[in-house]
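Asker: Take this structure, written in structure tokens, and hold onto it; I'll ask about it next.
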């Protein structure tokens, strides 16, 4: 009885796996998921986040062209977002986009908005910007 139960369980698992992949290799599914994630990040940095307004087209960074209020802490330059080289790892980048806190606990200088993206949206943004290396 036990060997029959094990066999049925393995068969059900195999059938479920076949149905889930629809005959496509797992690598193709991972590739599709990654492409979808990157596309979501591209949208969020474009129309939703308007990142290129300050970080320039193609996210190359440069001098800050937005004048700040007199005496207010204000960024003089904006970093390149290509590859997110300012973050040591994806977790730090996602946390920043979700909480507006840098790894050292401070917030970025204005005019950087203090975004509060959801963790999945922040992850999509990080995937997209990392893909631009």
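Asker: Which residue pairs have Cβ atoms under 7 Å apart, sit 6 or more places apart or on different chains, and have a first residue in region 62-74 that is on the phi > 0 side of the Ramachandran plot and touching a residue at least 12 places away in the same chain (Cβ under 8 Å) and a second that is in a loop (DSSP other than H, G, I, E, B) and surrounded by 10 or more Cβ atoms within 10 Å (Cβ to Cβ)?
Answerer: What qualifies is 62/56.
Asker: Continuing with the same structure: Out of all the residues in region 76-84, is one or more surrounded by fewer than 16 Cβ atoms within 10 Å (Cβ to Cβ) and within 20 Å of residue 34 (Cβ to Cβ)?
Answerer: Checking region 76-84: at least one residue is surrounded by fewer than 16 Cβ atoms within 10 Å (Cβ to Cβ) and within 20 Å of residue 34 (Cβ to Cβ).
Asker: Additional query: For region 1-73, please list each of the helices (runs of 4 or more DSSP H) lying entirely inside it that holds at least 3 residues being under 24 Å from the mean Cα position of the chain (by Cα), modelled with pLDDT under 95 and under 17 Å from residue 127 (Cα atoms).
Answerer: Output list reads 26-43.
Asker: Does at least one position in region 53-60 carry a residue that is closer than 28 Å to residue 33 by Cα, touching a helix residue (DSSP H, G or I) at 6+ places or on another chain (Cβ under 8 Å) and loosely packed, with under 15 Cβ neighbours inside 10 Å?
Answerer: yes
Asker: Being surrounded by 12 or more Cβ atoms within 10 Å (Cβ to Cβ) and part of a loop (DSSP other than H, G, I, E, B) is the filter here, so list the residues in region 99-114 that pass it.
Answerer: Listed by number, the residues that qualify are 100, 101, 102, 103, 107, 108, 109, 111, 112, 113.
Asker: Here's something else I'd like to know. Looking at the structure I just gave you, is residue 91 within 18 Å of residue 42 (Cα to Cα), at pLDDT 95 or above and either out of contact with any strand residue (DSSP E or B) (no Cβ under 9 Å at 6 or more places or on another chain) or part of a loop (DSSP other than H, G, I, E, B) (or both)?
Answerer: When the stated conditions are applied, residue 91 does not pass them.
Asker: Got a sec? Which of 117, 96 is surrounded by 14 or more Cβ atoms within 10 Å (Cβ to Cβ) and either more than 18 Å from the chain's Cα centre (by Cα) or part of a helix (DSSP H, G or I) (or both)?
Answerer: On inspection, the qualifying residue turns out to be 96.
Asker: Let me ask something else about it. Can you name the residue in region 120-133 that is touching a residue at least 24 places away in the same chain (Cβ under 8 Å) and surrounded by fewer than 18 Cβ atoms within 10 Å (Cβ to Cβ) and is also nearest to the chain's Cα centre (by Cα) among such residues?
Answerer: By that ranking, first place goes to 131.
The values are calculated or read from the model by the stated rules, or taken from the named source; none is laboratory data. All values reported here derive from a predicted model rather than from experimental measurement. All Cβ positions, glycine included, derive from the backbone under ideal geometry; neighbour counts span all protein chains shown.
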